[in-house]
Amino acid sequence: MARRQTPRPTERRLPRRLYGFVDSVIPAEDENPRSRLALHLDAVDADLFDADPLAIERDDALFLVRLLTTPDRLREYIGVDRAIPEEGSWVSLTTEKSPGNPRTWLIPSEGDGFGDPIATNAVAVTAGDALGPDAVALLTTACASPHTTRIEAPEIDAIAFLAPSQTSRIEAIDVGQAACVAFWRQGQCVGYFDVGAPIFFNRGSFPRRPDHTPCNKGFIILSHCDFDHYALAYEHPILRTLKWYAPDQPVGPRTAKFQKSLGSNLNFISGSLDLGGFKLKRCNGPASDRNNSGYAMRVAYDGQAVLLTGDAGYHAIPTDLQSDLTAVMIPHHGGKGATPPPSPCAKHSVAVASYGSPNKYRHPCEDQLDLHQKGGWRIRRTARHGKSPAVPRGNRKLFPLP
């Protein structure tokens with residue numbers, strides 16, 4: 001990602017008002033009143049947007065935001081009777097350098113990358129219905145992609161040739177705190193299920209020398225529209241020339257700008273795809289929950305079956321995708337809340353946790369990994385693990401297994 005070599009100008013210290021789409025909420029680690037939660041926002045400069053909604057097309061108007069505070073302190077801003085903002089909702093945020101107020105970082109958009117973080121503070125937060133229905137409707141409309149093709153999943157022809165019998169390898173790629181699964185056919189990479197890279201505060205987990213060369217033609221299926229599942233295309237613009245298939249989900253300004261940059265290569269899909277051993281199905285979570293309302297994929301051939309989960313918990317994934325598995329991508333980078341895993345069907349079945357170290361999400365949850373291991377899965381991590389002897393980071397094969 002692009003990096004600025006010069007200091008940020010001092011005018012960035014002045015008050016700034018933002019509209020932010022809540023990409024993720026990282027809850028406090030425990031009930032200690034000093035434990036902090038984090039809000040991660042995909043934001044647009046509110047003054048510029050109020051003057052002209054087309055400001056979401058401008059790099060100088062777009063930011064990624066990380067706000068760190070305690071739940072009680074956040075409620076002081078939004079109202080003690082209001083719930084913490086949920087993923088997929090909108091908030092209004094005013095920032096200014098003001099020690100003592102919640103620490104906040106603004107990461108400005110710069111073309112295909114991001115500038116250096118600007119350390120500041122949140123001095124006002126408005127959320128929920130206090131933001132106003134008209135404002136939310138205008139922001140949602142501005143972030144929609146009306147010109148993108150919408151198709152039924154059974155019409156996906158770009159991957160119809162990828163019969164399981166022709167899939168020579170499926171591999172979880174080490175992309176740090178993110179997710180990417182690559183497909184090979186006759187020794188050539190032909191497509192992906194997710195193409196993620198770490199969001200700014202997890203940037204240090206991205207490998208310095210990635211062990212993968214992106215393909216220049218093929219398909220990309222997104223499990224859902226989170227940054228850490230598509231941002232490898234910022235690292236490797238060649239990926240934007242592939243055919244993209246994604247669920248139509250609410251997004252913020254920066255993601256909307258990325259989607260529009262794909263042009264006709266992006267197709268929003270619905271429904272299911274079943275090509276014998278190849279199945280792609282929508283998860284059954286509520287539409288407001290991007291993680292659990294995206295897609296999961298199953299590939300089965302010659303007595304082996306792989307489940308690719310994205311960030312969806314097992315409870316949200318159609319049950320017919322979870323039977324007789326020999327490999328699984330552990331949901332949500334091994335984070336909490338995936339629910340008990342399905343049982344493996346073979347002695348050497350593998351469960352892969354795709355995450356990076358260090359990361360601000362506190363992934364993986366070791367209890368969740370232990371639950372898989374006790375259920376009969378062999379745990380494989382894309383991150384370095386342990387001390388002596390350490391398990392090195394790297395790509396992890398999902399298919400075929402020995």
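Which number comes out as Rg/Rh for the stretch 224-308 once both Rg and the Kirkwood Rh are worked out on C-alpha atoms?
1.00
Please return the longest range in the chain lying between exposed loop sites, taking GluC sites (Glu not before Pro), DSSP loop only, at most 13 other beta-carbon atoms within 10 Å, and leaving the sites out.
Result, exposed sites excluded: 87-402.
Largest first, how would R290, R240 line up by accessible area (1.4 Å probe)?
So the residues, ranked largest to smallest area, are R240, R290.
Structure shown: which of K347/K397; K97/K257; K260/K397; K243/K281 lie over 22 Å apart, alpha-carbon to alpha-carbon?
Correct reply: K97/K257; K260/K397.
When ligands, DNA and RNA are left out and all protein chains stay put, how many square angstrom of accessible area per residue does the chain have with a 1.4 Å probe?
43
So in the chain, which Cys have no other cysteine's beta-carbon sitting under 4.7 angstrom from theirs?
So, C143, C180, C225, C283, C345, C365.
Hey, if we sort T70, T241 by accessible area with the 1.4 Å probe, largest down, what's the order?
T241, T70
Under a GNM of the chain (C-alpha, springs under 10 Å), which listed residue has the highest mean-square fluctuation: N216, N292, N32?
N32
Of T255, T382, T149, which is the most mobile in a GNM of the chain whose springs link Cα atoms less than 10 angstrom apart?
T149
Taking Cα centroids, how far is the stretch 172-245 from the stretch 344-402 in Å?
One Cα centre to the other: 19 Å.
Compute the semi-axes of the equivalent ellipsoid of the stretch 308-402, taking the square root of 5 times each eigenvalue of the Cα gyration tensor, and list them largest first in whole Å.
For the stretch 308-402, the semi-axes come out at 21, 16, 11 Å.
Using the charge dipole of the chain (Lys, Arg: +1 at Cβ; Asp, Glu: -1 at Cβ; taken about the Cα centre), state which of A142, P198, S35 has its Cα farthest towards the positive end.
The residue sitting farthest along the positive end of the dipole is P198.
For the Cα atoms of the chain, what angle does the longest principal axis make with the long axis of helix 133-142, in degrees from 0 to 90, nearest 10?
Result, in degrees: 50.
Return the carbon/sulfur percentage of the accessible area of the chain, one whole number, probe 1.4 Å, all protein chains in place.
Of all accessible area on the chain, carbon and sulfur atoms account for 50 percent.
Could you work out the helix-only [θ] at 222 nm for the chain, with each DSSP H run of four or more residues adding -39,500 (n - 2.57) and the total divided by the number of residues, to the nearest 500 deg cm²/dmol?
Roughly -3000 deg cm²/dmol at 222 nm, from the helical runs in the chain.
In whole Å and largest first, what semi-axes does the C-alpha gyration tensor of the stretch 69-119 yield when each eigenvalue is scaled by 5 and square-rooted?
The answer is 25, 16, 8 Å, longest axis first.
Less than 20 Å apart at the alpha-carbon level, and either on another chain or at least 8 residues along: which aspartates and glutamates does that give for K360?
Hits, sequence-local ones excluded: D23, E29, D30, E31, D42, E86, E87, D116, D174, D226, D228, D311.
The values are calculated or read from the model by the stated rules, or taken from the named source; none is laboratory data. None of the values given here were measured: they were computed from a predicted structure. Heads up, the Cβs are rebuilt from the backbone with ideal geometry, glycines too, and the neighbour counts pull from every protein chain shown. Protein only, heavy atoms only, side chains kept; ligands, DNA and RNA dropped before computing areas. Shrake-Rupley method; radii C 1.70, N 1.55, O 1.52, S 1.80 Å.
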